[in-house]
Amino acid sequence: MANNKSFIPVAEPLFGGKELEYITDCVKSGWISSLGKYVRDFEKSFANYCGVRYGVATFNGTVAIHLLAATLNFGPGDEVIMPSLTYVATANGIRYTGATPVFVDSERETWNIDPNTIVDAITPRTKAIFAVHLYGHPADMDSLRAIADEHNLLLLEDAAEAHGACYQGQRVGGLSDAAIFSFYGNKIITTGEGGIIVTDNKEWAERAFFLENQGRYSDNPYWHPEMGFNYRMTNLQAAIGLAQLERIDEMVTIRRRNAAHYNSRLVEVTGLTLPPAAEWAKNVYWMYSIIVEDEFGLDRDALQNRLRQAGIDTRPFFYPVHTLPMYNTGQSLPIAEELARKGLNLPSGATLTPEQIDYICDTIINIATE
Ligand SMILES: Cc1ncc(COP(=O)(O)O)c(C=O)c1O
């Protein structure tokens, strides 16, 4: 994938730091499972990066959501309000506990959960608002916090796509009661597969650690007072993660620089809405995404086909989760549905070269001016 110059992928990981050195250390020392120094180092360092005290690393981001929901004791009858326009894992991780995801619409400006839709969705069973920082742009956290406080709800973040993004200068992950991240291979920093819960709440961190360790305490390894999970991150994953974390500022800078490059070229194209950048936000552009408006002349799928023919990989926006068969609520959430129909992720990885971005923009401009 990486070496095929005639095909530009949507994302690929950027290595080149101490990944090999740290992995080699794991292999040589034999510490390749979830015991080992890199896991604890990674948890501490990543939590610190988010400005919070505790991190509990997991095997992937989806199980981090389930583990967080289990830690918070969500279960049948409980409801969690979330945007429908998100990756399916946001909902699934909550649903695994038996709790019900309640979907609301998005804002046209930020593509994130619309705070104005939330109050109507609150019931006596609502436990939390689960904000998602879609494609790297933070949600409007102050508005969400005000609603959460007024209605005595938890505020949680799904920051899987937004490592390093800021709301009013403060990093995501530290903007709520607890947050999760993903470190999948296409994320801003990666551990291959991987995830983490970050929080300032010591009791929750300890509970999450207990649950992800098969429901046991370290001083009595075969006594399981409760049914837990094996959701632990491995030392190998954490070794890669720590090396990646050492370079996270660079990863974010590259993505923001690439986005500025895209913006400078695509701003002239009629019928494209460029990614959001609210004045209170630092967008990290996990995905550099465009909305292909009706005025563009071709619809999103047609543009995607044309780009594929030119060797440029893209991804459509997620289907709104309320339209997927296992949720299918029959709701009408017009902004989420419209963004999902018109949104396209362009190649966004940190390995992109300026020449590749120019080629992608030239191709789009040529199509637009045909
Ligand atoms: C918003 C969001 N939440 C959760 C996840 C789940 O993370 P993972 O793929 O590591 O399970 C993703 C991942 O890709 C995501 O984009």
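The values are calculated or read from the model by the stated rules, or taken from the named source; none is laboratory data. Here the structure is a predicted model, which means the values were calculated and not measured. A quick note on method: Cβ atoms are made from the backbone with ideal geometry, for glycine too, and the neighbour counts reach across all protein chains shown. The area values use the complete protein model at the heavy-atom level, side chains included, leaving out ligands, DNA and RNA. Shrake-Rupley method; radii C 1.70, N 1.55, O 1.52, S 1.80 Å.
Being within 16 Å of the ligand (Cβ to nearest atom) and either among the hydroxyl-bearing types (Ser, Thr, Tyr) or assigned to a helix (DSSP H, G or I) (or both) is a property that residue 176 has. The residues of the stretch 195-207 that are more than 16 Å from the ligand (Cβ to nearest atom) and either touching a helix residue (DSSP H, G or I) at 6+ places or on another chain (Cβ under 8 Å) or without any contact (Cβ under 8 Å) to a residue 60 or more places away in the chain (or both), listed by number, are 199, 203, 204, 206, 207. Any chance the stretch 131-146 includes a residue that's among the hydrophobic types (A, V, I, L, M, F, W, C) and surrounded by fewer than 19 Cβ atoms within 10 Å (Cβ to Cβ)? Taking every residue of the stretch 131-146 in turn, at least one turns out to be among the hydrophobic types (A, V, I, L, M, F, W, C) and surrounded by fewer than 19 Cβ atoms within 10 Å (Cβ to Cβ).
Residue 192: within 16 Å of the ligand (Cβ to nearest atom), out of contact with any Asp or Glu (no Cβ under 6 Å at 6 or more places or on another chain) and open to solvent by 30 Å² or more (accessible area, probe 1.4 Å), yes or no? Here the answer is yes, as residue 192 does meet what is asked.
Please determine whether any residue of the stretch 220-234 is outside any loop (DSSP other than H, G, I, E, B) and either in contact with a Ser or Thr (Cβ under 6 Å, 6 or more places away or on another chain) or open to solvent by 20 Å² or more (accessible area, probe 1.4 Å) (or both). For the stretch 220-234, residues outside any loop (DSSP other than H, G, I, E, B) and either in contact with a Ser or Thr (Cβ under 6 Å, 6 or more places away or on another chain) or open to solvent by 20 Å² or more (accessible area, probe 1.4 Å) (or both): present. You will find that of 332, 348, the residue that is part of a loop (DSSP other than H, G, I, E, B), under 23 Å from residue 109 (Cα atoms) and free of Cβ contacts under 8 Å to residues at least 12 places away in the same chain is 332 and no other.
Scanning the stretch 27-41 for residues that are open to solvent by less than 40 Å² (accessible area, probe 1.4 Å) and touching a Gly at 6+ places or on another chain (Cβ under 8 Å) turns up just one, 38. For the stretch 157-171, taking the residues that are within 12 Å of the ligand (Cβ to nearest atom) and closer than 14 Å to residue 112 by Cα, the one that is surrounded by the fewest Cβ atoms within 10 Å (Cβ to Cβ) is identified as 161. With respect to the conditions (1) open to solvent by 50 Å² or more (accessible area, probe 1.4 Å); (2) touching a residue at least 24 places away in the same chain (Cβ under 8 Å), residue 78 lacks only one, and its number is (1).
Each residue in the stretch 42-59 was checked for being in a strand (DSSP E or B) and either small (Gly, Ala, Ser) or open to solvent by 30 Å² or more (accessible area, probe 1.4 Å) (or both), and 3 of them qualify.
Does at least one position in the stretch 225-241 carry a residue that is charged (D, E, K, R), more than 16 Å from the ligand (Cβ to nearest atom) and without any contact (Cβ under 8 Å) to a residue 40 or more places away in the chain? There is at least one residue in the stretch 225-241 that is charged (D, E, K, R), more than 16 Å from the ligand (Cβ to nearest atom) and without any contact (Cβ under 8 Å) to a residue 40 or more places away in the chain. Condition check for residue 63 on (1) within 15 Å of the ligand (Cβ to nearest atom); (2) surrounded by fewer than 17 Cβ atoms within 10 Å (Cβ to Cβ): one failure, at (2). For residue 94, the criteria (1) more than 16 Å from the ligand (Cβ to nearest atom); (2) surrounded by 21 or more Cβ atoms within 10 Å (Cβ to Cβ); (3) within 25 Å of residue 333 (Cα to Cα) hold in every case but one, which is (1). Checking each residue in the stretch 66-95 for being within 21 Å of residue 122 (Cα to Cα) and of a type in the set (Phe, Trp, Tyr) picks out only 74. If you go through the stretch 181-188 one residue at a time, do you hit one that is within 16 Å of the ligand (Cβ to nearest atom), open to solvent by less than 10 Å² (accessible area, probe 1.4 Å), within 21 Å of residue 53 (Cα to Cα) and assigned to a helix (DSSP H, G or I)? Checked the stretch 181-188: no residue is within 16 Å of the ligand (Cβ to nearest atom), open to solvent by less than 10 Å² (accessible area, probe 1.4 Å), within 21 Å of residue 53 (Cα to Cα) and assigned to a helix (DSSP H, G or I).
Of all residues in the stretch 287-321, exactly one satisfies the criterion of being open to solvent by less than 70 Å² (accessible area, probe 1.4 Å), without any contact (Cβ under 8 Å) to a residue 40 or more places away in the chain and within 25 Å of the chain's Cα centre (by Cα), namely 316. Being of a type outside the set (Asp, Glu), without any contact (Cβ under 8 Å) to a residue 40 or more places away in the chain, open to solvent by less than 50 Å² (accessible area, probe 1.4 Å) and touching a Leu at 6+ places or on another chain (Cβ under 7 Å) holds for only one residue in 211, 266, 274, and it is 274.
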